[in-house]
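The structure appears right after this line, and notes come after that.
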Amino acid sequence: MIRQLRRPAALLATTAGIATILLWMTLGFFNPYSSSLETRPLQITFFTLCVPAALAIVSAWFRRKALVLIAFLWSLPISLYFAMTPGIFAWFGATSCAYLVTHFLMLAERPR
C-alpha cells in the first residue's frame, strides 16, 4: 500500500480525496450558514462530493483509470458550483480538477 502511494497519481488522488472529505465535513457540520435540521442538502453533497472522493482514492490505489475519470465527471457539476462561491468551499473545484490531473498522470504511466 505504501509503495503504491509513492506514485504521483496515487498520492494526488489520495490527497485530493481526503481534502474533499474534510471540506465536506466542514460544509455539512461546521457551516454557520446552514441549518442543522435539514438533512437533504447533507445527503446530496455526500453523494456528489464524498462518494466520488472515495472512488478516486480507491481507483488510484488499484490503478483504475476509468474510475478516476468517473469520479471527476461525477463531482464536476457541484464542484463548479462551489468553485464560483467565495470562501473555503471554492477548493472543491481544485480537488475535482486534481481528479482529472490524476487521470492524465495514470494515462502517462508506463505499464508494468
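The values are calculated or read from the model by the stated rules, or taken from the named source; none is laboratory data. Here the structure is a predicted model, which is why all the values come from computation and not from measurement. Backbone-built Cβ (ideal geometry, glycine too); neighbour counts: all protein chains shown. Quick note on the areas: whole protein, heavy atoms, side chains included, nothing else; ligands and nucleic acids left out. Shrake-Rupley method; radii C 1.70, N 1.55, O 1.52, S 1.80 Å.
For this structure, a couple of remarks:
- Here the condition is being surrounded by 14 or more Cβ atoms within 10 Å (Cβ to Cβ) and either more than 21 Å from E109 (Cβ to Cβ) or in contact with a strand residue (DSSP E or B) (Cβ under 6 Å, 6 or more places away or on another chain) (or both); of T20, T26, T14, it holds for T20 alone.
- Any hit, segment 72-84, residues being within 14 Å of the chain's Cα centre (by Cα), among the small types (G, A, S) and farther than 14 Å from L100 by Cβ: no
- Selection within segment 65-99 - open to solvent by 50 Å² or more (accessible area, probe 1.4 Å) and farther than 27 Å from Y33 by Cα: K65, A66, L67, L69, I70, L73
- Every pair of residues 6+ apart whose Cβ atoms lie under 8 Å, when the first sits in segment 31-50 and is closer than 13 Å to F82 by Cβ while the second is open to solvent by 80 Å² or more (accessible area, probe 1.4 Å): T48/W74; T48/P77
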